[in-house]
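Comments concern the structure below.
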Amino acid sequence: MTIAERQAREAYDRQNPWRHVSTFTPDMWGMICELRINHYGAAVDQGHRRFFNDGNDWYQIEPPEKLRSWSPIIEWRPTGTRLSEHRQRSVIRRAEYGTHEYHGGRLYRKPKQYKLYWRADD
């Protein structure tokens with residue numbers, strides 16, 4: 001890590017300090033955050049993964065995944081942006097049902113691409 005990268009990271013840490021999870025209020029729902037969890041007594045950052053809270057649970061944005069209840073969150077810090085309502089619903093739905101197509105409760109997998117190698121492309 002170069003000196004400039006370290007100074008940029010320290011400036012980012014000063015602008016966005018880590019906050020205790022008890023300071024998260026309902027007006028912050030939908031805000032994109034970074035999280036720290038307690039891993040056997042040591043605080044562990046979640047790297048470049050981004051999360052948001054919908055009021056009940058924490059969701060990872062990409063790939064969509066619900067954060068497990070047994071991973072205790074100890075600190076969070078906002079990134080300064082908020083997910084729109086339809087994007088939040090999309091992430092929650094893909095986290096709960098997967099990324100395949102569902103219609104009327106039935107799963108319709110997308111067909112695999114089939115290429116006729118012995119024919120020229122049209």
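The values are calculated or read from the model by the stated rules, or taken from the named source; none is laboratory data. Owing to the predicted nature of the structure, the values given are computational and were not obtained by experimental measurement. No Cβ is skipped: glycine too gets one built from the backbone with ideal geometry, and neighbour counts run over all protein chains shown. Surface areas here come from the heavy atoms of the whole protein model, side chains and all, with no ligands, DNA or RNA. Shrake-Rupley method; radii C 1.70, N 1.55, O 1.52, S 1.80 Å.
The table below lists the values:
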read-out	value
Contact order relative to length of the chain, as percent, for alpha carbon pairs under 8 angstrom and 6 or more apart	24
Pairwise label distance in nanometres, His86 with Asn38, each label 7 Å out on the Cα-Cβ vector	4.1
Å² per residue, accessible surface of the range 1-106 at 1.4 Å	69
Amide H partners (placed H, <5 Å) of Ile74, local residues excluded	Arg36, Ile37, Asn38
Within the chain, helix-based [θ] at 222 nm, where runs of 4 or more DSSP H residues each add -39,500 (n - 2.57), nearest 500	-7000 deg cm²/dmol
Label corresponding to Cα Rg over 2.2 N^0.38 Å when calculated from the structure given, among (1) 1.45; (2) 1.39; (3) 1.03	(1)
Paramagnetic reach from Ala11 in the range 55-83 [backbone N under 12 Å; point 7 Å along Cα→Cβ]	none
Rounded percent of accessible protein surface that carbon and sulfur make up, the range 1-115, 1.4 Å probe	52
